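The values are calculated or read from the model by the stated rules, or taken from the named source; none is laboratory data. Just so it is clear, the model here is predicted, and its values are computed rather than measured. Counting neighbours? That spans all protein chains shown, and the Cβs are built from the backbone with ideal geometry, glycine included. We work out accessible area using only protein heavy atoms, side chains counted, and drop any ligands, DNA or RNA first. Shrake-Rupley method; radii C 1.70, N 1.55, O 1.52, S 1.80 Å.
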Amino acid sequence: MSERNQATHGLTRRAVMSSGLAVAAAAPFAGAAAAASRAIPETWDEDVDVVVIGTGFAGLAAAHEAAKAGASVALLEKMRVPGGNSIISGGVIAAPGSPMQAERGIEDSADALYDDMLAAGLDLNHRALARLVAEKALETVMWSIEELGAEYDGLSHLGGHAVPRSYALAAGSGAGLVVPQLARLEEMGIEPRTRTLLKRLVRDGDGRVKGVEVHEGFSHPDLDSGTPRAIRAARGVVLATGGFGGDPAFRALQDPRLGGELDTTNHPGATSEALREALNIGCVLIQPSWIQLGPWTSPDERGFGMAPTFVQGATASYGLWVATETGERFVNELADRKTRADAIIRTGNRAIAFVDAAGWRKGMGGNAGERRQRMKETGVLMEYDSLDEMAAAHDIPAERLKETVERFNAAVAAGEDEAWGRYLPQDIAPIDEPPFYAVRLAPKIHHTMGGVAIDTEAHALDVSTGEPIPGLFAAGEVTGGVHGASRLGSCAYADCLIFGRIAGRNAAAMEPWS
Amino acid sequence: MAGPGRGSRIAVVGLMLCLGAAAPASAGDGPTISGGTACPARAGQPAWVRQSAVPQPGRDFAIGAWAGAQADLLQVANAATPEASEAVTADCRGCHEGDAVLPPDHVATDAMGMDGCRACHDGTQASDLSGLIHLDHTHYLAGVSCAACHGEADPPKEPDTAVCETCHGSLETLARLTADVAPVNPHDSPHGTPYAECSLCHLQHRRSEDFCATCHDFGFDPP
Ligand SMILES: Cc1cc2nc3c(=O)[nH]c(=O)nc-3n(C[C@H](O)[C@H](O)[C@H](O)COP(=O)(O)OP(=O)(O)OC[C@H]3O[C@@H](n4cnc5c(N)ncnc54)[C@H](O)[C@@H]3O)c2cc1C
């Protein structure tokens, strides 16, 4: 605890404020606060300028900007490790109009990204938010290089994007950003306080969020574990607690088909209690039933696993996806996630994604041999010497499979995929070099597009007034609106970093309350 | 002297964390860790804590990559253990009065240090003790005191990974030792340094757990 914090330890609060009735009467214009205000703690155990909850991209970016602006910051994380979904994520971030695209002669722009986001999002995107993400994506990637020292070593083409435009972190996962984010914070004297659960947001009768109640020494998933503690936030609170993809009960409330045993790519802390607490104090929940399934996961391993890199990186650009029952393609392998996941489900999850040896080499890049070995050992990747062998192993009509491959090879020769309109990269070649590599497909819960409503300044909005809740900011997957019905790959990084930075800056700039 | 009295031993064992043991580079062909300097964690400890027996050299640990790696890891830690004189001993029944912690026909352990246990429990002849005794016991019996890991802080706090590294070698060294473990190297997570904290898996005062298993089916059973 800093000296400053010690000095204010034990601040007391006027008793009158702890009476809900008195509060309501005293603050007629406080939005939902009148109904939702909480007893202000009798004493605060600690006092900081800004409390940031969550240590993914959004929370770390918020803490970074708040600290840079001179604010004292308490950075809270309920799990034993920082990083949430961010640190286990796939490592690609959208950068339209980038230097790497220019090197390859690919033309692109923020407008083109925005159009793709809205197309995938079925136009349900909150346009001002989506536009901000599209416009700031490139500068945010550059900021991550210049200010964080992040390293990128590839340009990926993800589904639903018109062109290859996603920068791939050299680290191969989101750790390539989270680790340098944590390092910058450490330099500024901020360390994440792990095993610290946000229990309650303290919103006063005057409408302002003034602090948080937490449980220290929390042991996931026991929400009653740990020791209560109250932290006063003189300037603001940033809610950056991520999505609820790992919360089957809350998922099922939003989309009854998606509860229960369905596997998820998310970390185990991707649960809804912080979001529900935000609703308790008057936030608005928007678009929560748009829950994204990742179309590139395998039933032969748990979670995100190793399949997606192969399915997206190799098979979607250089190989094919076929339904095992028919031996035929059933979707544009580079379509947006929803289109593809829905199509796989329509096959009854009886579909495989495969490439030939040449496709493997092009799509998997460095370390490919080691990765192949691991994937084979875990049983997620299968290798076949011929298409006949692959057909037999998956009960695919062999002749039809071979016809499908021949038709696609003719399309490659013609330079156009007439059947499905798939983008063909410059280095694509016919699928004919054994061995063939295949993964079975089964979509898993991946991203929750819905969440609390915010404006372009990352203010959390009040459910009664639609106005900003003073003192409360939200950023990242806990918010809704940017992505509409379906998030495009590599757009979450941009969303989280952009709004995290805005939230941190704006929280630090609030007038302290007294 | 054979160690503290029983009452204090129970307290001691209950507070321990992390293996201390550095010093000379490893014997034979085993991997080398930063040799030469004494384990700082041991400085200022009484003789019975600072010193315990050296391992028997030249054991054959060739039963698969995992066992091999575990044996290498043990060798690193053991080889780094200072010269023997008075060892902490495994008077198991002395503390676990009435509990059947040893099979009835087990050889007498009263005079053994951890090296004595390992003479049989080396993963080739009998169980390697993983999961059977908590790591605080392993550390204690190798002569590592509570303060060696926890320092003097009261109440004791969880030590940083750096404390473990002073005796066990760097994370890079550990990753090299387990490079061939299937299906993936447990010491080389692609998720970065926050996922490389020793204490995520290697718990001291209760049974260790496979942290990877929150998301993956690697089937690790960490010691
Ligand atoms: C496997 C995987 C791969 C992905 N790959 C990509 C990709 O390549 N590109 C891309 O753009 N997007 C990708 N995404 C999506 C993207 O990674 C996430 O949307 C993003 O990381 C979310 O960041 P965040 O900061 O909002 O939340 P998170 O990173 O999830 O962080 C939120 C943190 O808040 C903590 N928290 C939650 N509740 C509480 C509470 N009550 N008290 C205290 N702490 C709490 C959580 O434990 C967590 O650590 C991927 C997602 C997954 C799961």
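Quick rundown of the values:
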quantity	calculated
Per-pair calculated FRET efficiency, R0 = 30 Å: A:E139 and B:H205 via Cβ, rounded to 0.05	0.05
Simple spin-label estimate for A:L424 and A:E377 in nanometres, 7 Å along Cα-Cβ	3.9 nm
Distance between modelled label sites at B:D99 and A:K402, nm, 7 Å Cα→Cβ extension	6.7 nm
Tilt relative to chain A, helix A:368-378 - C-alpha long axis, 0 to 90 degrees, to 10	80 degrees
Accessible area in the full protein assembly, largest first, 1.4 Å probe, for A:L279, A:L488	A:L279, A:L488
Nitroxide proxy distance, nm - points 7 Å out along Cα→Cβ at A:E187 and A:L253	4.2 nm
Contour excess over end-to-end distance, with Cα ends at A:T326 and A:E457 and 0.36 nm allotted per residue	42.1 nm
Of A:L60, A:L177, A:S156, farthest towards positive along the dipole that unit charges on Lys, Arg, Asp, Glu beta carbons give the stretch A:39-181	A:S156
Per residue accessible area in Å² of the stretch A:296-442, where ligands, DNA and RNA are left out and the probe is 1.4 Å	42 Å²
Helix-only CD estimate at 222 nm, as mean residue ellipticity for chain A, using -39500 (n - 2.57) per DSSP H run (n ≥ 4)	-9500 deg cm²/dmol
Share of pairwise Cα separations in chain A, more than 44 Å, in percent	19 percent
Solvent exposure, largest accessible area first (probe 1.4 Å, DNA, RNA and ligands not counted), of A:S72, A:S272	A:S72, A:S272
Helix A:110-120 axis, angle to chain A major axis (alpha carbon atoms, nearest 10°)	80 degrees
Pairwise FRET efficiency - A:I345 versus B:D221, Cβ, R0 = 35 Å, nearest 0.05	0.45
Efficiency of FRET from Cβ geometry, A:E416 and B:D188, R₀ 41 Å, rounded to 0.05	0.40
For the stretch A:161-318, radius of gyration divided by Kirkwood radius, i.e. Rg to Rh on alpha-carbons	1.01
